[in-house]
Amino acid sequence: MTNQPTNQPTNQPTNRNNSRLAELNQRFRQFSLPLLLAATLTACGGSDEAVVIPPASSSGQVQKGPYQIGSTVTAYRLDGSGNRTGESVTTQTTDNLGSYSLNTDWSGATEIEASGNFLDESSGNVTTTPLTLSAVVDLQMGDTTNINLFTHLHGTRTKNRMALFGITTASSLAATDLKNSYGLQLSNSTQPHQLDLTDGSDSTSKSDNALLLLYSGALVTGNQDGSGTLQQSVLNNLATDFGDNGAIDGVGNSAHLSTRTAARTTSIDTLRTNLHNNSAGAITDAPAEADLTVRPYALKAGFLNDTGITLCGDYAYGVTGSGNHHNNVDCTLATDVDGDPVPDGQDADYGRDKTANDNSDGHAGFSFTKLDSNGDPLTDQSVAYNVTPWSCVRDNVSGLIWEVKTDTAGRHNKDDTFNWYNSDTTTNGGNAGSADDDGNICFGYDVTEAASYCNSQAYTARVNSATLCGASDWRMPTREELRSIVAYDRTIPAIDTDYFPNTVANWFWSASPNAGISDSAWIVNFYYGNVNSANKSNGFRLRLVRAGQ
């Protein structure tokens, strides 16, 4: 006889059921979940079946600095595509360290959102304007869930990819994007929601905790409004931008650049002191400056630019081709005026020169800011150079700041040429180059004074001594940095002259030595944008850069 399950629950589980329940309880305790087991047991003729629906819990701290007592924390259940299902549980923080704890009727993909005022580590004051942060986690894993700036970005990226990969893989991929963009280590499978900006004692995450503290303080310093408040829109723009492709290169880029700039002068030790002094001594061991092992890539430079190419070429040859080739075809067309096909997948079909091509602050996908002699943005960014000259240009995509050449006699004259020279044996490729060749002409040259020589090292020292645009960390650009400002859709010169006036269409030195030829270094030609190498004794033009590597 085949046993058939009944529709009635068994009120008293058998010994076999008791054993099974104990096993399940033990399993969930391993994940630190308070298991309240809801089981539907059915049996007939000695055969038992059980359906287990485990609830879950979450606890941790909400930190922008620490959120204050009474801040709202809500957990939202997510479906497989990262959308909220309508199920939610709300609680409040229980102290001024942002501590919270909540229980849910579900486990699995969950978004935990917190809103409230916080202790601003950059000022030491408690804010009066609420800020909302969130994290996306799998509650089934039972980790502590801290909510912070990195989880706010990570969560948006995770939700955007859940439909394709599921919560586990989407979260892991988002963590990799975060590492690549912000220099996190996330060693030993540490996730963003396990970081704690008040903890400088955890040897595994100490450097990442220090980075979180640095970034949290610099975000406020670099992006506060006139009242000293960090607006929610800044966070939302960062999260939206990062969620789109795992990089900050669009709507959040302005805030990202401002944060990077602020981080260069932000002292983690000062943030640490502010947390301790303004938490009634509750925060005693926040990360220190020494805990940050390396200034991360994201705080030095962002991304290199696209090519600036916005038009496509046709396919004019072959049996059906007209033989009349065009390189200036609208990429949205299927065929050109001759009926030749316009293939998909060309340069102009990808990148910022397609997705950010508004020409408002630079050609195609380029984005620049004109800076005055103090390094401050010009009030009127549309002004022409011959009306109000600017001294430097900030690349809003890469974060690099570039020297602007002049058309008048002086240190930055566009026609000055220099030898390649670098006395540092660790970076010169085994050959220092040429210190003095008076066949190369530059402003102020005096054969009796080495400081006036027309070589790249001496010129860099002079520019730093004069603190161009208020800075003294100018250097030669690498080959790829120099190529990043080439606009490959134009020639003579191959650069956006609305931001880089007085650019000569000729060769410019890079800092990159030729690894195969020790007495040569790489050069970039702003006639067409091509790259070559040349003997270091040659005289070429030089445009200095600062920040980034």
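Rolling a 1.4 Å sphere over the protein heavy atoms, what is the accessible area per residue of the range 54-150, to the nearest Å²?
Numbers: 3390 Å² over 97 residues.
It amounts to 35 Å² per residue over the range 54-150.
Considering only A114, I167, G142, and ranking their Cα positions along the charge dipole of the range 103-206 that arises from unit charges at the beta-carbon of Lys, Arg, Asp and Glu, the one farthest toward the positive end is I167.
Residues whose amide H lies under 5 Å from that of N455, counting only those 5 or more places away or on a different chain, are N419; hydrogens are built 1.01 Å from N in the peptide plane. Accessible-area rank, largest first, for F368, F165: F165, F368, with all protein chains present and a 1.4 angstrom probe.
In the set (1) 27.2; (2) 24.2; (3) 38.0, the label that goes with Kirkwood radius over Cα pairs in Å computed for this structure is (1).
Shown in residue order for the range 188-199 are the 3J(HN,Hα) couplings computed by the Karplus curve 6.51 cos²θ - 1.76 cosθ + 1.60 at θ = phi - 60°: 6, 6, 5, 9, x, 6, 9, 6, 9, 6, 9, 10 Hz (x for Gly and Pro). Surface calculation, 1.4 Å probe, protein heavy atoms: S227 sits at approximately 90 Å² accessible. Inter-label distance, S518 to A466: 3.5 nm, where each label sits 7 Å from its Cα along the C-beta direction. Under a Cβ-Cβ cut-off of 12 Å, what is the net charge of the residues other than A170 that fall near it, where Lys and Arg count +1 and Asp and Glu count -1? Residues close to A170 contribute a combined charge of +1. Compute the acute angle (0 to 90°) between the alpha-carbon long axis of helix 206-223 and the principal axis of greatest extent of the alpha-carbon atoms of the chain; round to the nearest 10°. Taking Cα atoms only, the helix is inclined about 70 degrees. Computed with a 1.4 Å probe over protein heavy atoms only, the accessible area of W522 comes to about 60 Å².
Summarising the amide proton neighbourhood of V397: residues at separation of 5 or more, or on other chains, whose placed amide H is nearer than 5 Å comprise S367. When only the Cβ of Lys, Arg, Asp and Glu is charged (+1, +1, -1, -1), the dipole of the range 67-190 relative to its Cα centre reaches about 320 debye. Semi-axes of the equivalent ellipsoid of the range 239-288 are 31, 13, 8 Å, computed as sqrt(5λ) over the eigenvalues of the C-alpha gyration tensor in descending order.
Could you tell me which residue out of N253, G222, L238 lies farthest along the dipole of the range 175-258 toward its positive end? Charges go on the beta carbon: Lys and Arg +1, Asp and Glu -1, centred on the Cα centre. So the residue furthest toward the plus end is G222.
Need one number: the % of Cα-Cα pairs in the range 285-410 sitting beyond the 22 Å mark. Kindly include the intermediate steps, with their values, before the conclusion.
Details: 4584 of 7875 pairs.
Distances greater than 22 Å cover 58 percent of the Cα pairs.
Derived scalar couplings between HN and Hα for the range 279-285 equal 10, 6, x, 5, 9, 10, 9 Hz in order, rounded to whole Hz, by the Karplus curve 6.51 cos²θ - 1.76 cosθ + 1.60 (θ = phi - 60°), x for Gly and Pro.
The listed residues T221, T310, once ranked by accessible area (1.4 Å probe) with the largest placed first, stand as T221, T310. On the basis of the beta-carbon distance and an R0 of 41 Å, T388 and T240 show a calculated FRET efficiency of 0.75. Computed from the Cβ-Cβ distance with R0 of 45 Å, the FRET efficiency linking N359 to S423 stands at 0.55.
Taking 16 Å as the cut-off, the amide N atoms of the range 329-362 that come nearer than this to a point 7 Å along the Cα-to-beta-carbon line of V319 belong to 341.
Which entries of K64/K159; K354/K405; K179/K536; K64/K405; K179/K414; K159/K370 show an alpha-carbon separation above 32 angstrom in the structure shown? Can you show the working numbers first?
Details: K64/K159 21 Å; K354/K405 29 Å; K179/K536 38 Å; K64/K405 42 Å; K179/K414 40 Å; K159/K370 37 Å.
Violating the 32 Å limit, Cα to Cα: K179/K536; K64/K405; K179/K414; K159/K370.
Summing Cβ point charges (Lys, Arg +1; Asp, Glu -1) relative to the Cα centre of the chain gives a dipole of roughly 1100 debye. What the phi angles of the range 501-509 give under the Karplus curve with 6.51, -1.76 and 1.60, with θ = phi - 60°, is a coupling list of x, 6, 8, 7, 7, 7, 6, 10, 6 Hz, glycine and proline written as x. In this rough spin-label picture, where each label sits 7 Å from Cα along the Cβ direction, the I69-A505 distance is 7.2 nm. Taking amide H atoms as placed 1.01 Å from N in the peptide plane, the amide H of I147 lies under 5 Å from those of Q61, V62, Q63, each 5 or more residues away in sequence or on another chain.
Across the range 522-549, the residues whose backbone nitrogen lies under 18 Å from the label position 7 Å along the beta-carbon direction of Y445 are 535-543. Projecting label points 7 angstrom from Cα along Cα→Cβ for L333 and T94 puts them 6.9 nm apart. Between the listed residues P287, S267, T204, the Cα displaced farthest toward the positive end of the dipole of the range 166-320, a dipole computed from Cβ unit charges relative to the Cα centre, is found at S267.
Return the FRET efficiency for the residue pair S201, D498: r is the Cβ-Cβ distance, R0 is 51 Å, and the value is rounded to the nearest 0.05.
0.45
Take each peptide in 59-68, 432-441, count the other Cβ atoms within 10 Å of every residue, and average; sorted highest first, the result is 59-68, 432-441. Rounded to the nearest 20, the size of the Cβ-charge dipole of the range 319-378 about its Cα centre is 100 debye, with Lys and Arg at +1 and Asp and Glu at -1. Between D436 and T168, the contour length at 0.36 nm per residue exceeds the Cα-Cα span by 90.5 nm. Given the chain, what percent of its DSSP beta bridges are antiparallel, to the nearest 5? Taking every DSSP beta bridge with both residues in the chain, the antiparallel ones total about 95 percent. The slack between S123 and D372, meaning 0.36 nm per residue of separation minus the straight C-alpha distance, is 86.8 nm.
The values are calculated or read from the model by the stated rules, or taken from the named source; none is laboratory data. From a predicted model like this one, the values you see are computed outputs, not experimental measurements. With ideal geometry, Cβ positions are generated from the backbone for all residues, glycine too; neighbour counts draw on all protein chains shown. Heads up: the accessible areas ignore ligands, DNA and RNA and are worked out on the full protein's heavy atoms, side chains in. Shrake-Rupley method; radii C 1.70, N 1.55, O 1.52, S 1.80 Å.
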